[in-house]
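Novice: Got a structure here, written out as structure tokens. Questions coming.
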2 protein chains.
Amino acid sequence: MSTIDRDAPVAIHAQLSDRFRRNITQGEWPPHYRLKSEPELARECGVSRGTLRRALHTLIAEGLLRQVRGRGTFVTSTVIEPAIAQKLSTLTEDFARAGVVTETEVLACELIAPLKPVAALLDLAPGAQVLRLARLRRTEQGPVALLHNYVRADIAPGIEQRDFVTLSLFGVLEDEYALRIGNARRTFSAEPASGEIAAALGLEPGAPVQYLQQVTYLADDRPVEYSDVWIHSGRLRVTSLLSRR
Amino acid sequence: MSTIDRDAPVAIHAQLSDRFRRNITQGEWPPHYRLKSEPELARECGVSRGTLRRALHTLIAEGLLRQVRGRGTFVTSTVIEPAIAQKLSTLTEDFARAGVVTETEVLACELIAPLKPVAALLDLAPGAQVLRLARLRRTEQGPVALLHNYVRADIAPGIEQRDFVTLSLFGVLEDEYALRIGNARRTFSAEPASGEIAAALGLEPGAPVQYLQQVTYLADDRPVEYSDVWIHSGRLRVTSLLSRR
């Protein structure tokens, strides 16, 4: 590391935060990098712990670092990283937990007769209807995810009248219909964006898009929901924290 | 469903398995579809349970259906679906568990000085070396995954002399070096295949490829391994079985 210039007109903590910022932007400290402990880093930089903390706080305020109680200080990721590979939470729930502000546009909310594969996965009798819910999620950066959900209308009658601009799908099923959501199977693949998906997410047609397919089951084992989700990988990265045992 | 022809020269169980096979290949019964219970299905088809079972067993033998104790009979997926989004298992372990035969080609197994971002994520001092392990995994269908692992050589000295054609990386770390692997952070994104990745996986350059990035930590919290993994989504689909609570 370059040394601190004690005679420079710039305060030492500011020199330090400049240097750390460079480390981050130039990739020497990549996303998720855990900084050394404060005593170690202060010693290495030849500054007091108070000065080091001031420098760190500047970068925390800028959103470049974050502190995790008991684990240390980490470089923030530049993309949103919901843990939807790991927990059966919804994007809405993950965004809320992470403090990410999203806007939801409801593109479709209507009862339809589903295609045969969807009807089969949802255990539906011929002629039975589903809620087709199509939503686009946006953050400040632009559209991040297009969601197509198909929900059994016999299990949740009247669900097409709910306002999914403000409500989450699982929230409605659990709170308004008192359904117990049990588990889900999610698969992840990289697919070329179709014209429709590309237009919705602001990608070139054929550009790679992260595709998730899901079937959700109630606690009593009845399938309740099928979904197709397309994610803009440049803006949102699916994350999983996994334990070996 | 079409009716069974009791006067046809084809046995009833064979007519039934033909019909089910058509349901599967034509998408009416998609991958992961759970068939109705045996009594229900037998009644619906107008056959005895014995005849139904014979038809089901034909399709189980063909690999189109699989039975899960206590849960029922399901349509098999046409792609391999390891649960690596869910558990900290390795592709090798998941393949072995699923009975998928894979072949491993070791493209590189050598000590190198890592790039700065990798060194940072692995908490390495300047000049410290890592094992660079590059492997290509193939199934009968062709290449399914290209894996680039970087392993701290100071934690596992001599690891570059191991034979990774037959051994798994986690297996070596756990069994030969008695290391306790704790947890990992995995991120998933859809990326365009670079020329090198495309050539290895048999894709067109720029075609979508499922990209996984991972940092693995030991139980004592030291980072031990960083990896880049590229997956051919048409041949292998990452799966996660998630519980709500």
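The values are calculated or read from the model by the stated rules, or taken from the named source; none is laboratory data. Just so it is clear, the model here is predicted, and its values are computed rather than measured. A quick note on method: Cβ atoms are made from the backbone with ideal geometry, for glycine too, and the neighbour counts reach across all protein chains shown.
Novice: Determine, yes or no, whether residue B:233 is in contact (Cβ under 8 Å) with a residue 24 or more places away in the chain, more than 10 Å from chain A (Cβ to nearest Cβ) and surrounded by 18 or more Cβ atoms within 10 Å (Cβ to Cβ).
Specialist: no
Novice: Report yes if residue A:152 is farther than 30 Å from residue B:191 by Cβ, at pLDDT 90 or above, of a type in the set (Lys, Arg) and in contact with a strand residue (DSSP E or B) (Cβ under 6 Å, 6 or more places away or on another chain), otherwise no.
Specialist: yes
Novice: With respect to the numbered conditions (1) under 26 Å from residue B:212 (Cβ atoms); (2) modelled with pLDDT of 95 or more; (3) part of a loop (DSSP other than H, G, I, E, B), which one is the sole condition not fulfilled by residue A:78?
Specialist: (2)
Novice: What number of residues within the stretch A:176-195 satisfy the criterion of being under 30 Å from residue A:155 (Cα atoms) and more than 10 Å from chain B (Cβ to nearest Cβ)?
Specialist: 4
Novice: Return yes or no: is residue B:172 closer than 20 Å to residue B:135 by Cβ, more than 9 Å from chain A (Cβ to nearest Cβ) and touching an Asp or Glu at 6+ places or on another chain (Cβ under 7 Å)?
Specialist: no
Novice: Next up: Out of B:150, B:226, B:211, I need the residue that is touching a residue at least 40 places away in the same chain (Cβ under 8 Å), among the hydroxyl-bearing types (Ser, Thr, Tyr) and within 12 Å of chain A (Cβ to nearest Cβ). Which one?
Specialist: B:226
Novice: Okay, moving on. Identify all residues within the stretch A:160-172 that are buried (at least 21 other Cβ atoms within 10 Å of the Cβ) and either farther than 22 Å from residue A:103 by Cβ or among the basic types (Lys, Arg) (or both); write none if there are none.
Specialist: Within the stretch A:160-172, none qualify.
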